[in-house]
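Undergrad: Have a look at the structure that comes next, please.
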Amino acid sequence: MRRTTIALLAALEAAVCTLVGYGIALVPLMVLWATRFELAAPLDVFFRAAADAWLVGHGVDLVVRLDELTAASLGVDGAAAPFTITIALLGFSLLTFAFGLRIGRRASDSGTPIVGAASAIVVVGLLGAGLALLGTTDVATPVVWQGAVMPALVMAAGVLIGIAIAFTRGGWSTDATTGAVRRRVDAFPLAARAGVRSATRIGVGSAMGVIAVAAVLVTVRIVVEHPTIIGLSQALAAGVDGGIAIVLAELALLPNLIIWAAAWILGPGFALGAGTTVSPSVTLIGPVPGLPLLGALPAEGAPLGVLWLALPVLLGFGGAALVARSAPDRDGEPWWVTLAVGLASGGVAGAVLGVLAACSAGAVGPGRLAEVGPDALLVAASAAASVGVGAIAGAFAARSRSRHGAAEAGGSPLRSDPDDAERRTERASGAMSADTVPLEGISRGGGPSR
């Protein structure tokens, strides 16, 4: 396939991705315009608000300036002064990331992944800048340069990970650029590449395991606390149209809640305002933003919440054991290599979960609402320590089990018992002497004499 065609297809898919995300934000606002405002409100306000929602969903800062009446109705200190919303509604980012994965895999199949990746990233950046200009009003002003950079970074992350997945599964046909990259990678020693691959698999797998358990935990909490959530929804009296908008906003925030639950499992927990904390050991919260979904939050610390801290350790242990079983040729490596792989696994898990925690946190309003979400550094440190300890233990356990099994199967000739070797030699010599016929018993005709 020609490079121009590949670039155009990637650009088209990136444009579709942006329009789909923007449409998800626009549709409930158009419903409000048609039903609640009866087509009387200026239409451009809703298009601009949808652009702001899409940009906030990709981590673009939004500077808000409220009039005195609106600020007073909120009842939040500092609402009268301009404030910045920095939290990302990760549902929008997740959609862009998923499109990026698809674009990366398709570009890899074409043999020129760099062309497709660059095209998609540039298109998303340009469209993001355009939406930032569209969303600028006297009330809300997105940072234009972030509108060009932040959505492009989300797309770049998805595309590059998609390319990496395609490469690890079967490689790709190389052009000049990817060929140079592969030559540089191949220049590293084989043992170093194997160690990096193992550490990445263990660390990423453990991090995704924590996220998966967090998703299950959030689901269980929503099911258990659904009467509270329904009661909060009814208290808002938003109507059908407003309820649809609230549900879509909660869906956009759901990935954030899952990451917050992961931070809760790891120990540091998260905040819902300055001076608040939600963790396995203690829960201290005050007034929270009026989203019904937040009714699923625990009212107090879990009685045996400290037991959740064992989960990342077990995930690291299991991941290291599975990776060791899939690479039996590494059983003879020095002990310090096994230790280094375990430590690196913890570092990878800490980096992944720390970045996710940083992306999920930010300011949702003025005053005390400027601190919402987990502390990324604490989450990264906790994940690195717990997964690292588990990975080291699992790697050495698998190493010991493999060597014990080899010893039971006969062991290495270099480690055989000298006395046992001597006995085997004597038995072999005796067998040879029993089968030997004396030379005197051989007749001249070539057969034995009678």
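Undergrad: Can you name the residue in the range 34-57 that is β-branched (Val, Ile, Thr) and either surrounded by fewer than 19 Cβ atoms within 10 Å (Cβ to Cβ) or over 21 Å from residue 247 (Cβ atoms) (or both) and is also modelled with the lowest pLDDT among such residues?
TA: The qualifying residue modelled with the lowest pLDDT is 35.
Undergrad: Would you kindly identify the helices (runs of 4 or more DSSP H) lying entirely within the range 58-150 that contain at least 2 residues that are surrounded by 24 or more Cβ atoms within 10 Å (Cβ to Cβ) and either of a type outside the set (Asp, Glu) or in contact with a Cys (Cβ under 8 Å, 6 or more places away or on another chain) (or both)?
TA: Filter on the range 58-150 gives 90-110, 113-134.
Undergrad: Given the residues 355, 387, 372, which is the only one that is modelled with pLDDT under 95 and not polar (S, T, N, Q)? Outline the logic, then answer.
TA: Working: 355 fails: modelled with pLDDT under 95; 387 fails: modelled with pLDDT under 95.
On inspection, the qualifying residue turns out to be 372.
Undergrad: Additional query: Is there any pair with a first residue in the range 3-22 that is touching a residue at least 24 places away in the same chain (Cβ under 8 Å) and a second that is small (Gly, Ala, Ser) and not in a helix (DSSP H, G or I) whose Cβ atoms are under 8 Å apart and which are 6 or more apart or on different chains, and what are they?
TA: 21/57
Okay, residues lined up against (1) buried (at least 18 other Cβ atoms within 10 Å of the Cβ); (2) aliphatic (A, V, I, L, M); (3) not assigned by TED's automatic domain parsing to the domain that holds residue 339:
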| position | (1), (2), (3) |
| --- | --- |
| 247 | no, yes, no |
| 259 | yes, yes, no |
| 264 | yes, no, no |
| 273 | yes, no, no |
| 279 | yes, no, no |
| 284 | no, yes, no |
| 289 | no, no, no |
| 310 | no, yes, no |
| 313 | yes, yes, no |
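Undergrad: Hey, residue 282 hits all of (1) at pLDDT below 85; (2) among the β-branched types (Val, Ile, Thr); (3) touching a helix residue (DSSP H, G or I) at 6+ places or on another chain (Cβ under 8 Å) but one; which does it fall short on?
TA: Of everything listed in (1) at pLDDT below 85; (2) among the β-branched types (Val, Ile, Thr); (3) touching a helix residue (DSSP H, G or I) at 6+ places or on another chain (Cβ under 8 Å), residue 282 misses just condition (3).
Undergrad: Check off (1) of a type in the set (S, T, N, Q); (2) under 20 Å from residue 345 (Cα atoms); (3) at pLDDT below 75 for residue 177 and give me the number that stays unchecked.
TA: So residue 177 meets the others, but not (2).
Undergrad: Here's another thing I want to ask about it. List the number of the failed condition for residue 17; all other conditions in (1) of a type in the set (A, V, I, L, M, F, W, C); (2) farther than 30 Å from residue 114 by Cα; (3) touching a Phe, Trp or Tyr at 6+ places or on another chain (Cβ under 9 Å) hold.
TA: With respect to (1) of a type in the set (A, V, I, L, M, F, W, C); (2) farther than 30 Å from residue 114 by Cα; (3) touching a Phe, Trp or Tyr at 6+ places or on another chain (Cβ under 9 Å), residue 17 is out only on (2).
Undergrad: Quick check on my filter: what residues within the range 349-360 are surrounded by fewer than 24 Cβ atoms within 10 Å (Cβ to Cβ), small (Gly, Ala, Ser) and touching a residue at least 40 places away in the same chain (Cβ under 8 Å)?
TA: Scanning the range 349-360 gives a single hit, 351.
The values are calculated or read from the model by the stated rules, or taken from the named source; none is laboratory data. Everything quoted here is computed from the prediction, not taken from an experiment. Every residue, glycine as well, gets a Cβ built from its backbone with ideal geometry; the counts of neighbours run over all protein chains shown.
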